[in-house]
Amino acid sequence: MNKKDIENLTLESYENEFSFKENKSNLNISFNRIAFIFFIFLMICLIYSIKVFYLGSLSSKILHKKINLAQTNFRADIVDRNENFIAKTVNTLTVGIRPNLIIHEKKLLINLQLIFPDKDFSNIKKRIKKKKYFRIQKELRQDQIERLRNLGDKSIEFEEQITRIYPQKNLFSHIIGQIDDDNNGISGIEKFFDYELKKIHDPLKLTVDTDIQFLIRKELIKAQEIFQNIGSASILMDVNNGNILSMVSLPDFNLNKRQDIKDVNYINRVTKGVYEFGSVFKTFTFAAGLNEGEVEPETKFINLKKKIYCGGRPIGEYDDKMPTNLTAEQILIRSGNIGSVRIGQKVGIEKFKLFLESIGVLNKIEFDIEEVGQPISSKWGKCKLATSSFGHGITTTLLQLAKGYSIVVNGGYDIKPTLIKRPIDSKIQKKRLLKEGVSEKVNKILRKIVSTKEGTAEFANVTGYEVGGKTGTAQKSINGVYSKSKVNTFAAIFPTSKPKYVLIVLLDEPKPNKEYVYHYRDGRSPYKGNWRNTAGWTSVEIAGKIIEKIGPILATKYVEFN
């Protein structure tokens, strides 16, 4: 461009030139703004992505922690033979207090007392002063949770825990036992199968029946009201396989409270209590005589004395009207002491002792819980034989008594009492302990003890169930001296034509009730004013009521009676 051309440039030309440059600058500014916004958006996305990843990782750790907690504290459920829950593991909330976060202590304590009126708040005040976190209540109810949350107090903290609950409360206390705060079994099934319950995932199935257990316990509670006994016990067992359908010991306790029980009266009277049972042992003496071929039911004993002496101590009859001439069968039916001694003497010391050992009543029994008593051993001699023949001076547990009766009445086959439901193995051959025919002879006589007026157990003669059995009344030995306190026992079997169950009822230190009305099942007028404190008037009465209640259930579920 020459000088003339430059001079001839118009203002418009300048404007056009500058206009071009201005448009180019605007374009650059817009691009930079978009790039800046995109960068900000990218950073926000990156920040959120990192946080989501972090939270996801944290949730995974928390979940993993909960899974590990569940695996650590898990215990398999326990159910009865009909799949009803007896013990169950569930998630529950526990509430605790963190003292350093308390703003208004007095207000907090008032609110807590309204929610937990049974708590010892003097102890809670002491724990607050220590300024350390502590728990105040486990297994919160839903209404308690809501009321605590509505307080809005930061010092209140909730913890989720795996908790063991027992829906049946007291019903199976002596069977199931307890666990400690660290979820370890400390008694009963919970202790004996502690390892298995922590490893298995399927429920541990027991042989017991909740409905039957409830009915038997109810009758034992009624018995305590009638006879004012300090305790009682009962066991119902299948005589052919040892499966225990019910095992009750009173007094019992609520498993959900996890009480530290030191009172010896809460002992498991079925497995741990060791007693002299009295005349229920006469069945064993008679069975031993049959098994050794020393007596038959019709064997006669002539000129039986009213009283004999052994070691300078007298042995007499409980009934002054006892005939002096009796058959072996009549001795058992009438519960004769002297006649039983004579049968025992025919068997002999060694054979009688071996017989009792073979049916499992002399030595400590292996069982599914650790709370098992040890029968008191003593030196055997002529006097020991004499007293043992009618059930005195010899001890065992109610569980072992049930085993002994089962073997004597089931055909003579060995059985192992159990609380654990196991598959039936048809390949296992039963071990015969008694000679063939012994059980049939014993069963017929046990039936007569219940069904005839000469017997001592009329009140257990429940129509339709062919009940047989033997009574036993024994004085309690305290520090080696016999006291006036008694243990009354009745061992029942039914049906006697083909025995299926043994039911034993024990009343510890019952008292006669002169106001109680006895109702005979043969149509006789009711009887009131009894002063006798023997098993025939206490344990037999309760056993009869139990069989009336549980008989229909057993007949429907497990066996048809003819």
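The values are calculated or read from the model by the stated rules, or taken from the named source; none is laboratory data. Since we're looking at a predicted model, the values are computed, not measured. Please note: Cβ atoms are built from the backbone with ideal geometry, for glycine as well, and neighbour counts cover all protein chains shown.
Mind checking which residues of the range 252-268 are within 13 Å of the chain's Cα centre (by Cα) and in a loop (DSSP other than H, G, I, E, B)?
Asp252, Phe253, Asn254, Ile267, Asn268
Specify which of the listed residues (Gly316, Gly278) is of a type in the set (Gly, Ala, Ser) and either at negative phi or out of contact with any Ser or Thr (no Cβ under 7 Å at 6 or more places or on another chain) (or both). Steps first, please.
Values: Gly278 fails: either at negative phi or out of contact with any Ser or Thr (no Cβ under 7 Å at 6 or more places or on another chain) (or both).
Every option except Gly316 fails the conditions.
Look at the range 464-495 and say how many of its residues are under 17 Å from Glu548 (Cβ atoms) and either touching a helix residue (DSSP H, G or I) at 6+ places or on another chain (Cβ under 6 Å) or modelled with pLDDT of 95 or more (or both). Reasoning before the result, please.
First, pick out the residues of the range 464-495 that are under 17 Å from Glu548 (Cβ atoms): 464-469, 490, 492-495.
When the remaining residues are screened for being either touching a helix residue (DSSP H, G or I) at 6+ places or on another chain (Cβ under 6 Å) or modelled with pLDDT of 95 or more (or both), the result is 465-469, 490, 492-495.
Selection size over the range 464-495: 10.
Being buried (at least 24 other Cβ atoms within 10 Å of the Cβ), in the same structural domain as Val408 (by TED's automatic domain parsing), more than 26 Å from Thr496 (Cα to Cα) and not β-branched (Val, Ile, Thr): is that true of Leu255 here?
yes
Going by the structure shown, is Tyr318 outside any strand (DSSP E or B), aromatic (Phe, Trp, Tyr) and either over 34 Å from the mean Cα position of the chain (by Cα) or crowded, with 18+ Cβ neighbours inside 10 Å (or both)? Before the answer, list the steps.
Numbers: outside any strand (DSSP E or B): yes; aromatic (Phe, Trp, Tyr): yes; either over 34 Å from the mean Cα position of the chain (by Cα) or crowded, with 18+ Cβ neighbours inside 10 Å (or both): yes.
Here the answer is yes, as Tyr318 does meet what is asked.
Per-residue answers, yes or no, for (1) assigned to a strand (DSSP E or B); (2) under 21 Å from Asp80 (Cα atoms); (3) out of contact with any Ser or Thr (no Cβ under 8 Å at 6 or more places or on another chain):
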| position | (1), (2), (3) |
| --- | --- |
| Lys191 | no, yes, yes |
| Glu196 | no, yes, yes |
| Ile226 | no, no, yes |
| Val270 | no, yes, no |
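Which condition number in (1) modelled with pLDDT of 95 or more; (2) over 28 Å from Ile175 (Cα atoms) is the one that Asp238 fails?
For Asp238, the failing item is (2).
Among the numbered criteria (1) in a helix (DSSP H, G or I); (2) farther than 30 Å from Val517 by Cα, which single criterion is violated by Phe459?
Evaluating Phe459 over (1) in a helix (DSSP H, G or I); (2) farther than 30 Å from Val517 by Cα leaves (2) as the failure.
Quick check on Glu160: is it without any contact (Cβ under 8 Å) to a residue 60 or more places away in the chain and acidic (Asp, Glu)? Even if it seems obvious, please write down each step before you answer.
Numbers: without any contact (Cβ under 8 Å) to a residue 60 or more places away in the chain: no; acidic (Asp, Glu): yes.
Spelling it out, it is not the case that Glu160 is without any contact (Cβ under 8 Å) to a residue 60 or more places away in the chain and acidic (Asp, Glu).
So Thr489 fits all but one of (1) under 17 Å from Glu219 (Cα atoms); (2) surrounded by fewer than 24 Cβ atoms within 10 Å (Cβ to Cβ); what number is the exception?
Result: Thr489 fails condition (2) only.
Between a first residue in the range 494-523 that is within 20 Å of Lys470 (Cβ to Cβ) and a second residue that is charged (D, E, K, R) and assigned to a loop (DSSP other than H, G, I, E, B), which pairs have beta carbons less than 6 Å apart while being 6 or more apart in sequence or on different chains?
Final answer for the pair search is Phe494/Glu466; Pro495/Glu466; Thr496/Glu466; Ser497/Glu466.
Given Asn100, Asn150, which one is out of contact with any helix residue (DSSP H, G or I) (no Cβ under 8 Å at 6 or more places or on another chain), closer than 25 Å to Val90 by Cα, modelled with pLDDT of 90 or more and not in a loop (DSSP other than H, G, I, E, B)? Lay out the reasoning, then the answer.
Values: Asn100 fails: closer than 25 Å to Val90 by Cα.
Of the residues listed, the single one that is out of contact with any helix residue (DSSP H, G or I) (no Cβ under 8 Å at 6 or more places or on another chain), closer than 25 Å to Val90 by Cα, modelled with pLDDT of 90 or more and not in a loop (DSSP other than H, G, I, E, B) is Asn150.
Yes or no: the range 492-502 includes at least one residue that is surrounded by fewer than 24 Cβ atoms within 10 Å (Cβ to Cβ), closer than 17 Å to Asn265 by Cβ and not small (Gly, Ala, Ser).
No, the range 492-502 contains no residue that is surrounded by fewer than 24 Cβ atoms within 10 Å (Cβ to Cβ), closer than 17 Å to Asn265 by Cβ and not small (Gly, Ala, Ser).
Only one residue in Lys199, Lys131, Lys169, Lys218 is surrounded by fewer than 17 Cβ atoms within 10 Å (Cβ to Cβ) and assigned by TED's automatic domain parsing to the domain that holds Asn268. Which one? Spell out the reasoning first.
On the way: Lys199 fails: assigned by TED's automatic domain parsing to the domain that holds Asn268; Lys131 fails: assigned by TED's automatic domain parsing to the domain that holds Asn268; Lys169 fails: assigned by TED's automatic domain parsing to the domain that holds Asn268.
So the residue among Lys199, Lys131, Lys169, Lys218 that is surrounded by fewer than 17 Cβ atoms within 10 Å (Cβ to Cβ) and assigned by TED's automatic domain parsing to the domain that holds Asn268 is Lys218.
Looking at Asn243, is it on the phi < 0 side of the Ramachandran plot and polar (S, T, N, Q)?
Working: on the phi < 0 side of the Ramachandran plot: yes; polar (S, T, N, Q): yes.
The answer is yes for Asn243.
With the condition kept exactly as written, say whether any residue in the range 544-559 is under 21 Å from Arg334 (Cα atoms), at pLDDT 95 or above, assigned to a helix (DSSP H, G or I) and small (Gly, Ala, Ser).
Within the range 544-559, the subset under 21 Å from Arg334 (Cα atoms) is 544.
Right, trim to at pLDDT 95 or above and you get 544.
Filter again for assigned to a helix (DSSP H, G or I), leaving 544.
From what's left, small (Gly, Ala, Ser): 544.
Checking the range 544-559: at least one residue is under 21 Å from Arg334 (Cα atoms), at pLDDT 95 or above, assigned to a helix (DSSP H, G or I) and small (Gly, Ala, Ser).
Among the residues of the range 427-459, which ones are farther than 29 Å from Leu354 by Cα and surrounded by fewer than 22 Cβ atoms within 10 Å (Cβ to Cβ)?
Passing the criteria: Ser451, Thr452, Lys453, Glu454, Glu458.
For the range 517-536, which positions are among the hydrophobic types (A, V, I, L, M, F, W, C) and either part of a loop (DSSP other than H, G, I, E, B) or surrounded by 11 or more Cβ atoms within 10 Å (Cβ to Cβ) (or both)? Walk me through how you get there before you give the answer.
Of all residues in the range 517-536, those among the hydrophobic types (A, V, I, L, M, F, W, C) come to 517, 531, 535.
Answer for the range 517-536, where residues must be among the hydrophobic types (A, V, I, L, M, F, W, C) and either part of a loop (DSSP other than H, G, I, E, B) or surrounded by 11 or more Cβ atoms within 10 Å (Cβ to Cβ) (or both): Trp531, Ala535.
When Ile78 is evaluated against the numbered criteria (1) at pLDDT 85 or above; (2) touching a strand residue (DSSP E or B) at 6+ places or on another chain (Cβ under 9 Å); (3) closer than 30 Å to Asp153 by Cα, which criterion, by number, is the only one it fails?
The one condition Ile78 does not meet is (3).
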